[in-house]
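Worksheet: the structure to be examined is printed underneath.
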Amino acid sequence: MTSTHQPTQHPRSCCDEYAGVQAAVSRRGLMRGALALAGASTVVGGAVVTSSPASARTASSVLVVLSLRGGADGLSLVVPHGDPVYYRARPGIAVPSDRLLHKDAMFGLHPALAPLTPLWQAGRVAAVHATGLPVANRSHFSAMEEVEDADPGSSTRVGWLNRLVGTTPGGSPLQGFGVGGGVLPTSLHGASPVMSGGDVDALTIPGSNGDGRKKASLRTLWKGEATPLGRSMRSVFDAVADAGPIRAAADHGDAYPATDLGRALSTAARIVRGDVGVEVITVDQGDWDMHVGTGGSDDGWLARNARDLAASMAAFLGDLGDQAGKVTLVTISEFGRRVVENDSGGTDHGHGNVMLLAGAGVRGGYHGRWPGLSTGYEADLRVTTDHRQVLAEIGAARFGASPATVFPGLRHAPLGVVGSG
């Protein structure tokens, strides 16, 4: 359902490695049955559930992590118009200063982000610039793993969102949910039970009849099974039962852009409004690897993506009903793009990027320390804020989670971009 699995096709667009990453994700989706047989996950309809006992409850906070796959160009989304190097480095693709939205002395938003204007003016959207991995990593696959694992030097494959869920009470797979084709992102991998699915209406026991006899028979069949598969099956039954309010929540998809991202965030809003204890949700928008044809400020690849991003985010934040006061959304990308545009009207893999935050607890406006740009074929936006600092602040402020537990080895330095209220 998300663009990770069905990317928009652009001729001679993304690099070979990113195309390979997308193909690998699709192949992983096809291997779900094998994982079930191994007992690591259990597949029921469109859902993959890992680990054991479930007990749904109301979540006090919800975090939605929106991954801009492919390496989004943060210098085009939040433009440093006050840095004269920006316009010298990008004579063909720079966004004119007089087209930018919500300018201060240094930054302005791409005009295609206009759907976010009401939220920005209400102080509910923030941008943290010059964020990223501590050390540059220009490999899509490796950088994604590093960003989502967020535990440098560890050989254990446990994602930071799984560690975050592990700090909160409960043990329901519904606490962490990956909206997609049934494949968990690295950020959700780990010991805490989580689940993944693309269609909440598919969170059922296939073939169940109306009188419940099949469900009762399956529960009896697996009741005494002490193996990991038995525990997973009981977890499936509990999670499917607890997901009833999600399936019953109204589908407001018509209010969203008719895009993969719009549909994914519509599903995420439905999950939130179901109010069954989901604490973290992951969503992908996977079409940002723009080596060619970035386009201009009004049209082109980046403008279309940015317009979709902003319109989908605005629709989502307006579709949360009485749950809006607990939901925070953050965007992240594996890396940014080079400062200087290339000969094909695009940009190549870089380092620093921008993170957007919106919703509950967000202190709106521009944040972060600007390092200044430089030119040169391999010039990067230098990172002044480790991306984990932003995520750790969200975890601490919204979930009361220890930064040292969720991000081992990080010396947390609060930024003031997210609060508890």
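Data overview
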| item | result |
| --- | --- |
| Candidate lysines - alpha carbon under 20 Å from LYS326, same-chain residues fewer than 8 apart omitted | none |
| Positive-end residue of TYR377, ALA358, ALA397, charge dipole of segment 321-420 with Cβ unit charges | ALA397 |
| Among LEU75, ALA136, HIS110 the positive-end extreme of the charge dipole of segment 66-170 (Cβ point charges) | HIS110 |
| Cα centroid separation - segment 305-343 against segment 67-92, whole Å | 16 Å |
| Value of [θ]222 nm, deg cm²/dmol, for the chain, DSSP H segments ≥ 4, -39500 (n - 2.57) each, nearest 500 | -9000 deg cm²/dmol |
| Heavy-atom accessible surface of segment 59-184: percent carbon and sulfur, 1.4 Å | 57 percent |
| Cα-centred dipole magnitude for segment 248-365, charges only on beta-carbon of K, R (+1) and D, E (-1), debye, nearest 20 | 380 debye |
| Farthest toward positive dipole pole in the chain [+1 Lys/Arg, -1 Asp/Glu at C-beta], among SER266, LEU63, LEU221 | LEU221 |
| Accessible surface of segment 270-421, 1.4 Å probe, proportion on carbon and sulfur as whole % | 46 percent |
| Max mean-square fluctuation residue, GNM over the chain, Cα-Cα springs under 10 Å, options ALA268, ALA255, ALA112 | ALA255 |
| Given (i) 131; (ii) 205; (iii) 146, the label whose value is volume of the Cα convex hull per residue in Å³ derived from this model | (i) |
| For the chain, the longest site-free run once trypsin sites (Lys or Arg not before Pro) in DSSP loop states with at most 13 other Cβ atoms within 10 Å are removed | 224-368 |
| Contact order relative to length of segment 178-318, as percent, for alpha carbon pairs under 8 angstrom and 6 or more apart | 23 percent |
| Whole-number accessible area per residue in Å² for the chain, which is evaluated in the context of all protein chains at 1.4 Å | 38 Å² |
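The values are calculated or read from the model by the stated rules, or taken from the named source; none is laboratory data. Just so you know, these numbers come straight off a predicted model, no measurement behind them. Counting neighbours? That spans all protein chains shown, and the Cβs are built from the backbone with ideal geometry, glycine included. Note: accessible area is taken over every heavy atom of the protein model, side chains too, but ligands, DNA and RNA are not part of it. Shrake-Rupley method; radii C 1.70, N 1.55, O 1.52, S 1.80 Å.
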